[in-house]
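What follows is a set of notes on a single structure, which appears directly below.
Rule-based calculations on the coordinates, nothing more; no lab input. The model shown is predicted, which means the values in this text are computed figures rather than measured ones. As a convention, Cβ positions derive from the backbone with ideal geometry for all residues, glycine included, and neighbour counts pool all protein chains shown.
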Amino acid sequence: MPASDPRRRLPALERLLVLPEVVRLLSLYGRERVAIQLRDALAGLRERLAGGELAGPGELEAAVAALPGAAATALAAELGAPLRRVLNASGVLLHTNLGRAPLPRSVAAALPGLLDAGCDLELDLASGRRGDRNARAGALLAALTGAEAGLVVNNNAAALVLVLATFAAGREVIVSRGELVEIGGSFRIPEILAAAGTRLVEVGTTNRTRLADYERALTPETALLLKVHTSNYRITGFVEEAGAAALAGLARSRGLLLLVDEGSGLLRPHRAPQLADHPSFTALLAAGADLVCGSGDKLLGGPQAGLLCGRAELVARCHRHPLYRALRPDRTVFAALDGVLRAHLAGDGLPLDRLWPEPAAHRRRLERLAARLGAAIVPGDAYVGGGAAPERPIPGEILALPGGERLAARLRTGEPPAVGYAREGRCLLDLRTLDPADDELLAAAVERARAGLDEG
């Protein structure tokens, strides 16, 4: 190759592999895949040079500088990009696409020490004997709800399946037609009942189901009554339903069980008006429900988990069922859940409470960022999200910036990514779904995104 050949200006592969941005790729995708990607990219540049391309001033240098970014994009498309921290300014706190409930910072900070070494998940340190991984969480759930016992599985659908498999396999389960809900990911109550080996008996109509409807449907094959809280939609108008207390009385009179799928994981009543009529574990158990199940990563504010509370003998039977071993969580879930449940016991502030901030403090927060970013403060609604409190907006004030969807898109693709929403040509940011400790990060992200728009 002549000395004047521009291909001589291409860097060797080994020089690229030590660049900081490439070293990061090595930790994510491995040396072999990264090397193949870069080797192919260099071959492509050689062909372009041989064809007379990249002849202009700085063109080759720019093409070489772009190689790490192009490799990152290609590898992410092939293997998926790693999870990234996202600043949530969307106005939806329990945002399913963003991982639902954020953990309290104090809980998250304690996790590394429990995950990068051993922990006493199933060891009784006093006796040196094997312990029960559910013991702590079960005791905490009982203390918080008034239940005799509690059990944790990997999500609420699993809790429902476990109860049905334990007490109703091959038998009938009675459910109101208006409570045959579809939950996230297209999982439907009838399909869950079928998967658990039970036979669904529908009673009532979509909008009105009376206690007498349940009573008429009872047969010797009935195993339990199932009441499902319709947390992700509302039926209004000419409606009627049988409450938990009435169903519990009917179940007891016939020697049956009442299982309530509370869904959203509200252990105790919440002060917010948007959640005033949302059933809690405490209220449902007090009304006579034998078992109540719900999610850990919604209103509870914890990790994804299924929470099951109720009578000790019934919870123990679920615990002993062979299916439990397939559904039990690992130490990561138990560690996070332990911290969150103890925060509830202590009355510590939880991320859910951000939706109802102290007005004066929230106004000061808005004004600080508005002054820095040149934003307007406008009315805006926040939402609980996660299928809880649908159509129950939380009025308040948010930040509005020019730029609309273009700015929102730049924020989503920035570092760190930030999620707001666009409406009527403005980019809107709701601070109620963002930890105040992240205000500086959000402001800097907005400034970088706007600078990118100006350059473009």
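Details
- Each 10 Å bin from zero up to the one holding the largest Cα-Cα distance in the stretch 353-456 carries the following percent of pairs: 15, 49, 31, 5, 0.
- Cβ charges +1 (Lys, Arg) and -1 (Asp, Glu), total dipole of the stretch 402-456, debye: 260
- Put in order of Cβ neighbour count within 10 Å, fewest first, the listed residues Ser253, Ser106 become Ser253, Ser106.
- Once the Kirkwood radius over Cα pairs is known for the chain, the Stokes-Einstein relation at 37 °C and 0.692 mPa s delivers a diffusion coefficient of 128 µm²/s.
- Alpha-carbon centroid distance for the pair the stretch 20-44 / the stretch 115-183, whole angstrom: 45
- Spatial offset of the stretch 324-350 relative to the stretch 194-224 amounts to 34 Å, using the alpha carbon center of each.
- Degrees, to the nearest 10: 135-145 long Cα axis against longest axis of the chain: 70
- In the chain, the longest principal axis of the Cα atoms and the axis of helix 244-253 are about 50 degrees apart.
- Sparse-neighbour loop sites [trypsin sites (Lys or Arg not before Pro); the stretch 249-342; at most 14 other C-beta within 10 Å; DSSP]: Arg254, Arg271
- Packing, as the average of other Cβ atoms within 10 Å across residues, places the peptides 25-33, 10-18 in the order 25-33, 10-18, highest first.
- Computed [θ] at 222 nm, helices only, for the chain once each DSSP H run of length n ≥ 4 contributes -39500 (n - 2.57): -12000 deg cm²/dmol
- Among 59-72, 80-93, 42-55, 424-437, sorting by the average number of other beta carbon atoms lying within 10 angstrom of each residue, highest first, gives 424-437, 80-93, 59-72, 42-55.
- Angstrom value of the Kirkwood radius, inverse mean 1/r, which spans all Cα pairs in the stretch 1-75: 12.8
- Near Arg208, the amide H atoms lying under 5 Å from its own belong to Glu240; only residues 5 or more places off or on other chains count, and H is placed 1.01 Å from N.
- Applying Stokes-Einstein at 20 °C and 1.002 mPa s to the Kirkwood radius of the stretch 105-346, computed over alpha-carbon pairs, gives a translational diffusion coefficient of 116 µm² s⁻¹.
- Dimensionless Rg/Rh of the stretch 263-341 - Kirkwood Rh, Rg from C-alpha atoms: 0.99
- Site pair Thr206 and Val23 shows an inter-label distance of 6.1 nm when each label is modelled 7 Å from Cα along Cα→Cβ.
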